[in-house]
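The values are calculated or read from the model by the stated rules, or taken from the named source; none is laboratory data. Keep in mind it's a predicted model, so treat the numbers as computed, not measured. Reconstructed Cβ throughout: ideal geometry from the backbone, glycine too, with neighbour counts over all protein chains shown. The accessibility values were calculated without ligands, DNA or RNA, using every heavy atom of the protein model including side chains. Shrake-Rupley method; radii C 1.70, N 1.55, O 1.52, S 1.80 Å.
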Amino acid sequence: MSSVAENHHPKTAVDRTDAPSKLRNFVDGRFIDGGQPFEIRNPATGRVHAVAYEADRAIVDQAVAAAREALNGDWGRMTLAKRRAVLTAVADRIEERFDEFLEAEVADTGKPLSIARHLDIPRGAANFRVFSDTIANLPTESFEMDTPDGGKALNYAVRKPLGVIGVIAPWNLPLLLMTWKVAPAMACGNAVIVKPSEETPSTTTLLGEVMTEVGVPDGAYNVVHGFGPNSAGEFLTSHQGVRAITFTGETRTGAEIMKSAAPTVKALSFELGGKSPAIVFADADLEVAIATLARAAFVNTGQVCLAPERMYVERPVFDNFVAGLKAKAEAMKLGLPHDEGVDLGPLISEEHRGKVLEYYGLALEEGADLVTGGGVPKLSGDAANGYFVEPTIWTGLAHDSPVCREEIFGPCCAIMPFDTEEEVIALANDTKYGLCSSVWTQNLSRAHRVGQAMEVGLSWVNSWFLRDLRTPFGGSKMSGIGREGGEHSINFYSEPSNVCIKL
Ligand code: NAD
């Protein structure tokens with residue numbers, strides 16, 4: 001296979017001179033030629049920093065064939081102990097090449113170095129460790145039964161991989177969300193074909209090198225680049241040889257994937273969009289609530305599926321809460337990933353900034369009071385051409401305004417007052433989404449009551465984003481299908497096959 005140095009030259013956001021990195025498709029343990037080139041821009045500067053090659057149907061076919069071969073060959077025959085050892089070695093190698101992953105992620109996303117350093121890359125490595133452990137610690141079920149002839153039979157279930165799994169990933173936390181699916185799928189013995197987001201293909205490509213370096217057999221991990229419809233995404237979701245699709249992205253993309261996967265009856269696991277509520281009662285520790293919810297709303301420039309774009313605050317503390325959140329938003333420093341003390345980077349693309357700014361305009365048309373932000377910041381130097389927007393807070397919006405009902409995926413939130421527990425539970429749940437919620441109160445009974453009443457997959461109390469990777473993760477309603485995390489992931493990426501023995 002081609003070497004790392006040949007194929008990947010991660011650059012810093014201020015690098016202007018080097019030629020763009022070439023990100024080729026990774027099939028059967030090799031970077032292969034072919035495919036139409038498309039440009040990858042660093043959103044912090046607007047400059048092209050890499051070129052990826054869009055996989056056509058023939059390349060996707062090649063990847064599926066390689067994956068099948070791996071299942072019938074060295075990968076399929078590997079003992080569980082050895083499979084666990086190589087997945088742990090993947091984690092070790094990500095850590096050894098930490099800075100390369102860091103620079104690649106930052107070049108694709110423009111996010112502050114500190115976030116990628118403390119969240120994206122460490123969690124990318126952690127996912128391989130967690131699922132290598134989880135797979136080792138699951139019991140199989142067994143039932144002894146009476147038979148009609150007065151004898152006995154023993155049933156036991158063997159856990160088998162599904163086969164070839166298509167992993168379709170978004171751009172907001174590229175390595176973290178991709179490995180969250182690749183690690184359990186491979187721990188179960190499946191072969192994977194990853195289609196990273198067309199905006200952020202670098203770390204997924206780099207992981208191909210790591211797989212080969214640590215001895216993952218050829219074809220067990222493949223990468224195809226490209227887009228959704230009539231491109232690598234759809235070629236995967238409609239492919240007869242792919243048994244399951246695991247997808248993170250927008251709800252409407254999930255609906256398209258369901259249609260495309262239906263004729264070949266694939267298993268689906270979906271982590272989709274959200275419009276998550278935060279609820280702050282008057283008895284909450286306001287200082288901690290404000291600090292946590294400011295981070296929740298604005299970190300990663302609001303491009304987090306779990307971000308609370310709707311905040312409901314009990315009327316007696318409403319003004320104090322709004323003032324506190326405003327102060328936090330206004331203290332945030334926007335800038336280039338490598339700038340000292342930078343809190344917020346750009347949005348992912350010019351197109352996405354256009355969408356977010358449309359909502360900024362709509363909020364004012366809908367009669368919002370603009371507490372802070374609402375526009376494009378004036379930045380100088382390289383950042384002047386980046387896709388930045390100001391962190392933004394509104395009050396005075398009606399509950400049924402599209403700004404309060406549709407996912408914006410930017411650094412913004414609407415804050416609304418409420419008077420009673422019943423009222424706020426109804427408001428919080430009045431949405432087609434059901435990803436997560438964050439409830440703030442010191443009252444123990446109310447914490448349980450309201451926390452459990454939320455129609456969501458993840459209900460936080462006096463916290464947000466705290467994740468134990470063994471616990472179920474996923475969305476209710478139109479925020480997803482299924483749960484992943486710990487044993488829940490293993491249950492999706494494998495299927496029990498019953499063996500019945502007449503004794
Ligand atoms: P997206 O749906 O636009 O794209 C996600 C991936 O799907 C990309 O790789 C894209 O190329 C591919 N794709 C698009 N159309 C396709 C098609 N027809 N067939 C096959 N593949 C297709 O999402 P995005 O903009 O990259 O990510 C942001 C969205 O992801 C937000 O809605 C966010 O809430 C959601 N998200 C959810 C979670 C979660 O855990 N629930 C986590 C992160 C992001």
For the chain, which whole-number percentage of the solvent-accessible area (1.4 Å probe, protein heavy atoms only) is attributable to carbon and sulfur atoms? 52
What per residue convex hull volume, in Å³, comes out for region 277-468 when only alpha-carbon positions are used? 116
Largest-first ordering by accessible area, 1.4 Å probe, given options Tyr493, Tyr359: Tyr359, Tyr493
Along Cα→Cβ, 7 Å out, is where each label goes; now give me the distance between the ones at Lys259 and Asp419 in nm to one decimal. 4.5
Once the whole set of protein chains is in place, how much accessible area is left on Leu286, using a 1.4 Å probe, in Å² to the nearest 10? 40
Straight distance only, please: which lysines reach the Cα of Lys152 with their own Cα at less than 20 Å, same-chain residues fewer than 8 apart left out? Lys502
Gyration tensor over alpha-carbon atoms, region 27-186, equivalent ellipsoid semi-axes in Å: 39, 21, 14
Can you list the lysines whose alpha carbon sits under 21 Å from that of Lys333, skipping same-chain ones fewer than 8 residues off? Lys111, Lys378
Kirkwood hydrodynamic radius, computed over distinct alpha-carbon pairs, for region 237-385: how many Å, to one decimal? 18.3
Rounded to two decimals, what is the ratio between the C-alpha radius of gyration of the chain and 2.2 N^0.38 Å? 1.01
Heavy-atom accessible area per residue of the chain, all protein chains kept, 1.4 Å probe, expressed in Å², is 39
Reciprocal of mean inverse Cα separation for region 254-303 (Kirkwood radius, Å): 14.3
Across 10 Å bins beginning at 0, the whole-percent shares of Cα-Cα pair distances in region 424-503 come to 17, 38, 26, 10, 6, 2
Note to self, the chain gives a 222 nm [θ] from helices alone (DSSP H runs n ≥ 4, -39500 (n - 2.57) apiece, / all residues, nearest 500) of -11500 deg cm²/dmol
So if we plug the beta-carbon distance of Asp285 and Arg315 into 1/(1 + (r/R0)^6) with R0 = 25 Å, what FRET efficiency do we get, rounded to 0.05? 0.90
Give me the Kirkwood hydrodynamic radius of region 154-285 in Å, from all C-alpha pairs, to one decimal place? 15.9
If ligands, DNA and RNA are left out, what is the accessible area of Trp171 with a 1.4 Å probe, given in Å² to the nearest 10? 50
Hey, got the Cα dimensions of region 60-140 along the principal axes, in Å, largest first? 42, 35, 21
